[in-house]
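Working notes, structure below.
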Amino acid sequence: MAKRKPLGVRIICILGILGAILEVVGGIGLMAFAGFISLRIPGVPLPAFFTQPLLVGIMGIALLVLGIASFIALRWLCAMKRTGWLAYMGILLVSIALHIASFTFTDVILPAIIVAYLLYIRKLFK
C-alpha cells in the first residue's frame, strides 16, 4: 500500500499555491501600474516610491518571478520530490532573511514554523 502525503504538506501546498497565484497577479499588476505612473493626474500626490516607474516595474518582475518559482517548487513539494523540498526551503529561507533585514520580525514566524515542519519530515521526500 502506498504511503499517503502528510496532511501538513497538503495544507502547505494548497495555501502556498494560492499565495503563488496572488504573487503572479500582484507582479503583473505592479508591472501594469508602472506603465501608468507617467499618466497620473497632475496634483494628485503619490507615495515617493510610486513616482519611480522603473523601480515599480522591477518590483513587479521580481514578484512575478517569485510567484512562478514558488508555484513550481510547491508542485514538486506536493509530489513529495526532494527537489521541491530543497527549492521551497530555499524560498522560505530567503523570505525569512528578507523579513529580518526589513525588521518585520512578526512575518518571520509562519515561514519559520513551515521550515521546522519540513525539516522534521524531510526523510519522506525522495
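Any read-out appearing in this document is the output of simple, stated calculations on the displayed coordinates, not a laboratory observation. These numbers were taken from a predicted model, which means no experiment stands behind them. When we count neighbours, we look across all protein chains shown, and the Cβ atoms used for this are built from the backbone with ideal geometry, even at glycine.
Give, as ranges by residue number, the residues of region 99-126 whose backbone N falls under 17 Å from the point 7 Å along Cα→Cβ of residue 86. Counting only backbone N, you get 119, 122-126. In the chain, the calculated helix contribution to ellipticity at 222 nm averages -24500 deg cm²/dmol per residue, counting -39,500 (n - 2.57) for every DSSP H run with n ≥ 4.
Normalising the Debye intensity of the chain to I(0), with uniform scatterers on Cα atoms only, and taking log10 at q = 0.15, 0.16, 0.19 Å⁻¹ returns -0.77, -0.84, -1.04. I'd like the chymotrypsin sites (Phe, Trp or Tyr not before Pro) in region 89-126 restricted to DSSP loop residues with at most 16 other Cβ atoms within 10 Å, sorted by number. Those that pass, being in a loop and sparsely packed, are 103.
Placing +1 on the Cβ of every Lys and Arg and -1 on the Cβ of every Asp and Glu, with no other charges, gives region 8-124 a dipole of roughly 460 debye about its Cα centre.
Computed from Cα positions, the angle between helix 82-101 and the longest principal axis of the chain comes to roughly 50 degrees.
Loop-located trypsin sites (Lys or Arg not before Pro) in region 1-31 (DSSP state not H, G, I, E or B) with no more than 11 neighbouring Cβ atoms inside 10 Å: 3, 4.
Comparing 15, 92, 74 in a Gaussian network model of the chain (Cα springs below 10 Å), the most mobile by mean-square fluctuation is 15.
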